[in-house]
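I have placed the structure first, in the form of structure tokens, so that the comments after it can refer back to it.
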Amino acid sequence: MADEEEREAPRLETIPEIAERRGLTRQRVHRIARTDPKFPDPVIEPGSTRVKYLAEAIDAYFDGRVLRPGRRTDLEKRNREEERREE
């Protein structure tokens, strides 16, 4: 009977577990959780102070997340230098 309850219980993950499974740093996952309002809400288990998240909600969040890479400022500097040489 205990095995059935364990199988039915939703899987919860901590920030380090999410980071490891997703190939991110803990700091990056913390930053995403703090700044993105679409990040799933944490689940606090009774008797625990450790924040966890539903694995299904985390999977859905990352699978639907649109990445917007930052601007490459190092290339802009190189392009300006090349333009100056051409002048």
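The values are calculated or read from the model by the stated rules, or taken from the named source; none is laboratory data. Because the structure is predicted, anything quoted here is derived from the model rather than measured. Using ideal geometry, Cβ is built from the backbone for each residue, glycine included, and neighbour counts are taken over all protein chains shown. We work out accessible area using only protein heavy atoms, side chains counted, and drop any ligands, DNA or RNA first. Shrake-Rupley method; radii C 1.70, N 1.55, O 1.52, S 1.80 Å.
What the table shows:
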{"read-out": "Cβ pairs under 7 Å, 6+ apart, first in segment 60-77 and in contact (Cβ under 8 Å) with a residue 60 or more places away in the chain, second open to solvent by less than 70 Å² (accessible area, probe 1.4 Å) and among the basic types (Lys, Arg)", "value": "none"}
{"read-out": "Of all residues in segment 43-71 being surrounded by 10 or more Cβ atoms within 10 Å (Cβ to Cβ) and modelled with pLDDT under 95, the one that is farthest from Glu13 (Cα to Cα)", "value": "Arg65"}
